[in-house]
Structure formats: C-alpha cells, structure tokens
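Visitor: Below you will find the structure I want to go over with you.
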Amino acid sequence: LKAYEIPSDIRYLAIAESGLQNVVSPAGARGVWQFMKETAQHYGLTVNNSVDERYDIELATHAACKYLTFLNKKYKDWPLAAAAYNMGQGALDAELKQQQVESYFDLFLNEETSRYVFRILSYKLICEDPMQYGFYLRPDDLYPEIPVDTLRVDTNVTDMVLFAQKQGTTLKMIRNLNPHLRKSAIELKANESIRIFVPSLSQKAKPVQLDSTVFVRNLNE
C-alpha cells in the first residue's frame, strides 16, 4: 500500500471483506480482496480452470491497490472509494445521482455498505490495540512464518504429486502454500507462466500444521 501511496488504514478493508480468508461470496467474489472474475482479469490476475490468482494474497493485493487507486481518483474521496469497492461503481453512481449528495456519510445505502466504512474503522481500532478490547494474543497463538522458495512455471503440470516430489515436498504442502492452484494439474496458455511456492530447501523450517488461512512471504524478492 505504501508503494501505491494508499493510506495504510485501507489494509483493514480486506478484513471487512473477508476476515483475511480466501472465502467465496454469494455473488462469486473470491479471495481475501473479494474480486469478481472480470475485475480480477482487468487488473492482471490469471483466472482459469486450474489457476485463480485471486487466491494469491500478494498478487491480489497489487490488483486491489490498482483498483482502489482508480476509485479514489474517480471519487476523490476514500470513503466513497471504499463504498464503490463494496457495492460496485455503477450502483454507487446511481445512488449519488438519485440522492444528490456528495459524501458517503450522507448517503442512504444498503445495510452492508452503510456499515462498511465503520466496520473498517472498528477493525483498525481493535487490531492496533487488541488488549484494549479484550484480545490477548500470545506468540504461540500466531501463525509462524514459513520460509519458501519461488518457482516460475511456464509449462503444463499434469501430475502435481510428481511435481511436489521433485521439489522434496508433498501435494498437501504445495496446495496449502498455493491456494491459487485450484486443481491437481496446471494448464497454461502459450507465453503464460505462474509462480509456485515450495518449502525452502536453504532454510530449516519448523514443522507446522497448515490450513487454508496460512499466508506466506516470498523470501526471495
């Protein structure tokens, strides 16, 4: 967010959207940033039958920053940009025109979007001072960082089990580290490539039990 000159508080928008989990909305939005397929592709994310980069936390965050930058330039206001992110530009534009107001705080909107900015602010307060609100987190309560290496794959992978074994790991670890891989095979178009995280061979990582909420940081970039 800093690189895109976006206020750091916008990070809490992702919590309001998904609770920082790769969830699927009733409308079909996916991932931590809850992108619809068309919007994701417009901002450079690969979405096909075997790969869905809406589930790649780093790439999806870049796409979200680009989209939010566009919305803020359009509305010249971060609360309105957040509202448009939540309910869609077309719906917000229609409400602004019909109600003849210019501020998010003067708009009468659906319940979800009416609460949206206030939810973001609430998450900010709680996350920045959790003990003030009764949340006491010990180091053991937090997810450990998992050292990973990054592979750039530009050919089809028909046997993910064999691919994992060649990297000295298992299919389970590959799928948990790479939620953007939606099937146990990868089909790529010509000149198309994706990145795949694998457990680092150069660092000895403490064994941990992963689940779908684990996010990794690429130590090679």
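The values are calculated or read from the model by the stated rules, or taken from the named source; none is laboratory data. Computed from a predicted model, the values in this text were never measured in an experiment. Please note: Cβ atoms are built from the backbone with ideal geometry, for glycine as well, and neighbour counts cover all protein chains shown. All accessible areas refer to the heavy atoms of the entire protein, side chains included, with ligands and DNA or RNA removed. Shrake-Rupley method; radii C 1.70, N 1.55, O 1.52, S 1.80 Å.
Visitor: Within the stretch 156-174, can you find the residues that are within 21 Å of V47 (Cβ to Cβ) and open to solvent by 80 Å² or more (accessible area, probe 1.4 Å)? Write out each step before concluding.
Guide: So in the stretch 156-174, the residues within 21 Å of V47 (Cβ to Cβ) come out as 156-158, 160, 174.
Hits for the stretch 156-174 are N156, T158.
Visitor: For A60, all conditions in the list (1) touching a Lys or Arg at 6+ places or on another chain (Cβ under 9 Å); (2) over 23 Å from R119 (Cα atoms); (3) not in a loop (DSSP other than H, G, I, E, B) hold save one; what is the number of the exception?
Guide: Result: A60 passes all but (2).
Visitor: Exactly one of (1) in a helix (DSSP H, G or I); (2) surrounded by 14 or more Cβ atoms within 10 Å (Cβ to Cβ) is unmet by I146. Its number?
Guide: (1)
Visitor: Let me ask you something else. Determine, yes or no, whether V161 is of a type in the set (A, V, I, L, M, F, W, C), modelled with pLDDT of 90 or more and either assigned to a strand (DSSP E or B) or in contact with a Lys or Arg (Cβ under 9 Å, 6 or more places away or on another chain) (or both).
Guide: no
Visitor: Filtering the stretch 86-107 down to residues that are assigned to a helix (DSSP H, G or I) and in contact (Cβ under 8 Å) with a residue 24 or more places away in the chain, which residue is least open to solvent (accessible area, probe 1.4 Å)?
Guide: Y104
Visitor: Which of the residues belonging to the stretch 67-85 are loosely packed, with under 13 Cβ neighbours inside 10 Å and under 21 Å from the mean Cα position of the chain (by Cα)?
Guide: Here is the first cut: in the stretch 67-85, the ones loosely packed, with under 13 Cβ neighbours inside 10 Å are 73, 76.
None - no residue of the stretch 67-85 is loosely packed, with under 13 Cβ neighbours inside 10 Å and under 21 Å from the mean Cα position of the chain (by Cα), so the list stays empty.
Visitor: For L181, state whether it is aliphatic (A, V, I, L, M), modelled with pLDDT of 90 or more and open to solvent by 70 Å² or more (accessible area, probe 1.4 Å).
Guide: Details: aliphatic (A, V, I, L, M): yes; modelled with pLDDT of 90 or more: yes; open to solvent by 70 Å² or more (accessible area, probe 1.4 Å): no.
In short, no.
Visitor: Report whether or not K189 is under 18 Å from Y55 (Cα atoms), assigned to a loop (DSSP other than H, G, I, E, B), open to solvent by 50 Å² or more (accessible area, probe 1.4 Å) and out of contact with any helix residue (DSSP H, G or I) (no Cβ under 6 Å at 6 or more places or on another chain).
Guide: Details: under 18 Å from Y55 (Cα atoms): no; assigned to a loop (DSSP other than H, G, I, E, B): yes; open to solvent by 50 Å² or more (accessible area, probe 1.4 Å): yes; out of contact with any helix residue (DSSP H, G or I) (no Cβ under 6 Å at 6 or more places or on another chain): yes.
Judged against the criteria, K189 is not a match.
Visitor: Among the numbered conditions (1) under 20 Å from D77 (Cβ atoms); (2) open to solvent by 50 Å² or more (accessible area, probe 1.4 Å), tell me where K37 comes up short.
Guide: Of (1) under 20 Å from D77 (Cβ atoms); (2) open to solvent by 50 Å² or more (accessible area, probe 1.4 Å), only one is false for K37: (1).
Visitor: So I57 ticks every box in (1) modelled with pLDDT under 95; (2) open to solvent by 60 Å² or more (accessible area, probe 1.4 Å); (3) under 27 Å from E187 (Cβ atoms) but one. Which box is left unticked?
Guide: Evaluating I57 over (1) modelled with pLDDT under 95; (2) open to solvent by 60 Å² or more (accessible area, probe 1.4 Å); (3) under 27 Å from E187 (Cβ atoms) leaves (2) as the failure.
Visitor: Now a separate question. Look at the stretch 108-129 and say how many of its residues are open to solvent by less than 60 Å² (accessible area, probe 1.4 Å) and hydrophobic (A, V, I, L, M, F, W, C).
Guide: Within the stretch 108-129, residues that are open to solvent by less than 60 Å² (accessible area, probe 1.4 Å) and hydrophobic (A, V, I, L, M, F, W, C) number 4.
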